[in-house]
Amino acid sequence: MLSPERLSLPGPEYLAQRHVLTYMEDAVSQLLENREDISQYGIARFFTEYFNSVRQGTHVLFREFSFVQATPHNRASFLRTFWRCFRTVGKNGDLLTAQEYHCLLQLLCPDFPMELTQKAARIVLMDDAMDCLMSFSDFLFAFQIQFYYSEFLESVAAIYQDLLAGKSPNTVIVPTSSSGQHRQRQPPNDCSPLDGVETSLFYQCLESLCDRSKYSCPPSALVKEMLSSAQRLTFSGFLMALAKHQGINRALGALPDKGDLFLDPAMDQELEKLVAQVSGLSISAPASSSGDAANLPAHNLPRVSSPWKPLHHRRKMDAESEGSNEETDSSEN
């Protein structure tokens with residue numbers, strides 16, 4: 001059944017809002033790139049599996065960064081995938097550096113930029129403590145804000161610097177696109193950066209930005225609620241408040257509440273199945289006097305396919321896996 005929103009918008013506007021053309025273009029590109037494999041099971045099945053993967057959020061796995069960040073749905077899917085893949089880091093209580101979290105991100109997106117990871121880490125840490133350890137939950141919620149609202153935060157930083165320099169809200173230029181992200185800033189005059197800016201003036205500019213921005217913004221009502229308890233604030237304080245606000249997290253919809261961060265029944269069930277399969281193989285395998293796993297015949301270890309891997313990526317990922325094994329073997333020698 002069509003949603004009321006679909007019926008209230010012209011066709012082209014709805015398609016643009018939902019980025020349908022982005023996915024159609026990517027699907028056709030994937031079709032042409034893998035046409036030899038797809039010819040074995042048909043184009044209709046390929047499109048079915050492709051858009052099922054888009055709906056499930058697995059379509060961003062191992063893709064280039066330009067695609068991962070291309071739409072709000074892609075960004076939310078990547079955040080959810082990162083959480084599901086590495087939540088055991090937090091469950092085990094492990095603390096990692098920004099560089100180590102970046103390595104985890106690159107396992108899912110090989111060309112993920114270090115700059116975004118560093119910006120997320122700065123929300124949690126001071127600028128002079130970037131090599132300190134962070135908990136998984138602290139980094140994850142900071143990373144969510146920085147990644148999903150990246151363009152919005154660039155514009156907010158520009159607004160903050162203008163207010164810090166003493167400009168009134170009427171003269172602050174509110175950027176609405178990437179053209180305003182890299183403007184040269186004059187050093188602040190009379191106001192110390194440690195004092196921050198007046199909250200009411202800051203929100204007045206943010207409200208205008210949210211109304212005019214072409215990019216994703218947090219709900220202005222939640223931002224107003226978040227800022228209502230302080231008379232002045234700094235930019236770093238604003239970022240930290242965004243990362244910790246559960247209402248904004250729920251509105252974004254990619255991650256669970258902090259209290260449920262390490263709960264994922266569906267993933268736990270998949271892991272239990274894999275563990276059961278491996279345990280069954282271990283029990284059924286003949287005992288070896290040396291205990292060397294290399295003595296086990298290869299045909300007794302069936303390959304377990306990943307539940308996340310889309311059909312149109314299978315051959316490509318298998319080839320990459322074989323290449324990585326060769327590199328490991330050569331490095332060991």
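The values are calculated or read from the model by the stated rules, or taken from the named source; none is laboratory data. Owing to the predicted nature of the structure, the values given are computational and were not obtained by experimental measurement. Cβ coordinates were reconstructed from backbone atoms using ideal geometry, including for glycine residues, and neighbour counts include every protein chain displayed. Keep in mind that these areas ignore ligands, DNA and RNA; they rest on the heavy atoms of the full protein, side chains included. Shrake-Rupley method; radii C 1.70, N 1.55, O 1.52, S 1.80 Å.
Residue check: V60 meets all listed conditions (1) within 21 Å of F139 (Cα to Cα); (2) open to solvent by 20 Å² or more (accessible area, probe 1.4 Å) but one, namely (2).
Scanning the range 137-154 for residues that are surrounded by 23 or more Cβ atoms within 10 Å (Cβ to Cβ) and without any contact (Cβ under 8 Å) to a residue 60 or more places away in the chain returns a single hit, F139. Condition check for E100 on (1) open to solvent by 50 Å² or more (accessible area, probe 1.4 Å); (2) on the phi > 0 side of the Ramachandran plot; (3) modelled with pLDDT of 95 or more: one failure, at (2).
Kindly provide the set of residues from the range 194-224 that are in a helix (DSSP H, G or I) and under 25 Å from R75 (Cα atoms), ordered by number. The answer is L206, E207, S208, L209, C210, D211, R212, S220, A221, L222, V223, K224.
Would you call N74 part of a helix (DSSP H, G or I), open to solvent by less than 10 Å² (accessible area, probe 1.4 Å) and among the polar types (S, T, N, Q)? Spell out the reasoning first.
Numbers: part of a helix (DSSP H, G or I): yes; open to solvent by less than 10 Å² (accessible area, probe 1.4 Å): yes; among the polar types (S, T, N, Q): yes.
For N74, the condition - part of a helix (DSSP H, G or I), open to solvent by less than 10 Å² (accessible area, probe 1.4 Å) and among the polar types (S, T, N, Q) - is met.
Exactly one residue out of E327, E270, E332, E320 is among the acidic types (D, E), open to solvent by less than 90 Å² (accessible area, probe 1.4 Å) and either farther than 26 Å from R75 by Cβ or at pLDDT below 95 (or both), and it is E270.
Restricting attention to the range 223-265 and to residues that are in contact with a Lys or Arg (Cβ under 8 Å, 6 or more places away or on another chain) and acidic (D, E), the residue that is surrounded by the most Cβ atoms within 10 Å (Cβ to Cβ) turns out to be D264.
Considering S279, S288, the condition of being part of a helix (DSSP H, G or I), among the polar types (S, T, N, Q), at pLDDT below 85 and more than 22 Å from H73 (Cα to Cα) is satisfied by S279 alone.
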